[in-house]
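Some notes on the structure that comes next.
Nothing in this text is a laboratory measurement; each read-out follows from the coordinates by a stated rule. Everything numeric in this text was worked out from a predicted model, so none of it was measured. Cβ coordinates were reconstructed from backbone atoms using ideal geometry, including for glycine residues, and neighbour counts include every protein chain displayed.
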Amino acid sequence: MRIGELASRAGVSVRSVRYYEEQGLLTSTRSSSGQRHYTDSEVERVAFIQRLYAAGLSSRTIAELLPCVDTPSEENSDSALERLAQERDRLSAHIADLTRTRDALDGVMAAARAHREQLRTAVAQVINA
């Protein structure tokens, strides 16, 4: 199938398919006129790549995981699981950082509210004086 059909069947843009190929996540054969051709199995591969992106993985990390799919073995599986655990730890650390940032913002917002209330009180005292 050609690139447009693959994109349509996989529910992605043609640009995404080209990007996946540029990143080494997807391969095609070329016709004599240079058109890309894909097999039916590439539809499932694109869906798999999309799930990995949705899980927060980069194209580099996805490329590291694909040997587990392309040449399944216990060693490749162990390697993929270790890499996924590293990514999970990275995301957990990022979530903790974001939580601290949100908490700091909550503190700034509380201070701003208190300051606003002090201003209202001061204005009200001037008006009532």
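Brief remarks follow.
- Dipole in debye (nearest 20) - the chain, about Cα centre, beta carbon charges: Lys, Arg +1; Asp, Glu -1: 820
- Sorted by Cβ density within 10 Å, fewest first, the residues Met109, Met1: Met109, Met1
- Comparing Gln23, Val108, Ile62 along the charge dipole axis of the chain, the residue lying farthest to the positive side is Val108, per the Cβ-charge model.
- Remark: relative contact order (the chain) = 17 percent; criterion is Cα-Cα distance under 8 angstrom and separation of 6 or more residues.
- Among (1) 15.6; (2) 18.9; (3) 15.1, the entry derived from the coordinates for Kirkwood radius over Cα pairs in Å: (2)
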